[in-house]
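Encoded as structure tokens, the structure appears first; notes follow it.
None of the figures in this text is laboratory data; all of them are computed from the coordinates on show. Since the structure is predicted, the reported quantities are computational estimates derived from the model, not experimental observations. No Cβ is skipped: glycine too gets one built from the backbone with ideal geometry, and neighbour counts run over all protein chains shown.
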Number of protein chains: 2
Amino acid sequence: MKQAIVVRTDLGMGKGKLAAQAAHASLSAAEASQHRKGGWYDAWKEGGQAKIVLKVGSESELLEVFQKARAAGLPASLIEDRGLTQLEPGTATCAGVGPAPDADVDAITGKLKLL
Amino acid sequence: MKQAIVVRTDLGMGKGKLAAQAAHASLSAAEASQHRKGGWYDAWKEGGQAKIVLKVGSESELLEVFQKARAAGLPASLIEDRGLTQLEPGTATCAGVGPAPDADVDAITGKLKLL
């Protein structure tokens, strides 16, 4: 089991902003997984909650990842910034995919590079 | 309600590593909060799961934050890296404090700077 956190690099987010948005994506996708049957969330937690952080260069790439994950029936989250600080309100910043079986996550995010 | 994620800056973690560790801290502290009475977790989620990411410059400062949070009865997590990639196994990388009421979190982390 693993979770992929996919982050946009074209927004110029600072480290703190990026970490907060990634945590938001992680938590929301984990919660989506927790609400499903199949025990993916518990297996992931017990296995050390493996996470990989990947990058995309545009909003359209990010949305594509999110939509593919949803279409494949995987727990997924799309995070939009509330625009209180660095970004315009509603800017999609990152997405979470999984926790889900490694092969299912790789089928969606396998071609993306590590951040 | 808010959650503070406290990150060490002296380890030279890359952005992806940092985001993954911060997400780990966030999720673990959120889960600790979820298991408590008082509705802090639900109130935090409904309020947009506010997070701030703060920095410390050493392991001892990080441990101090974590221990103070625990001593104050706040949900808290301390994340140790498994050492598969950039760091020695067992290296404490970051901590999560809350979700908890703003004033309680500020009492522990209020003097730390934003990452």
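List of remarks:
- Multiplying the residue separation of B:GLU88 and B:SER58 by 0.36 nm and subtracting their alpha-carbon distance yields 9.3 nm.
- Of the DSSP H helices in chain B, those whose Cα atoms cover at least 15 Å axially and whose Kyte score averages -0.5 or more: B:15-34, B:59-71
- Gyration tensor over alpha-carbon atoms, the stretch A:2-114, equivalent ellipsoid semi-axes in Å: 23, 14, 12
- At R0 = 45 Å, FRET efficiency that the Cβ-Cβ distance of B:ASP10 and A:LYS68 yields, to 0.05: 0.70
- Rg over Rh, two decimals, the stretch B:27-68 (C-alpha only, Kirkwood Rh): 1.06
- Descending Cα extents along the principal axes, the protein assembly as shown, whole Å: 45, 38, 35
- Inter-part distance, the stretch A:1-18 to the stretch B:62-86, computed on C-alpha centroids, equals 22 Å.
- Partner aspartates and glutamates for B:LYS113 [C-alpha distance under 15 Å; skip if fewer than 8 residues away on the same chain]: B:ASP10, B:GLU61
- Residue-span extension gain [B:ASP106 to B:HIS35] - 0.36 nm each, minus C-alpha spacing: 23.4 nm
- Neighbourhood net charge (15 Å Cβ-Cβ; Lys/Arg +1, Asp/Glu -1) for B:ASP106: +3
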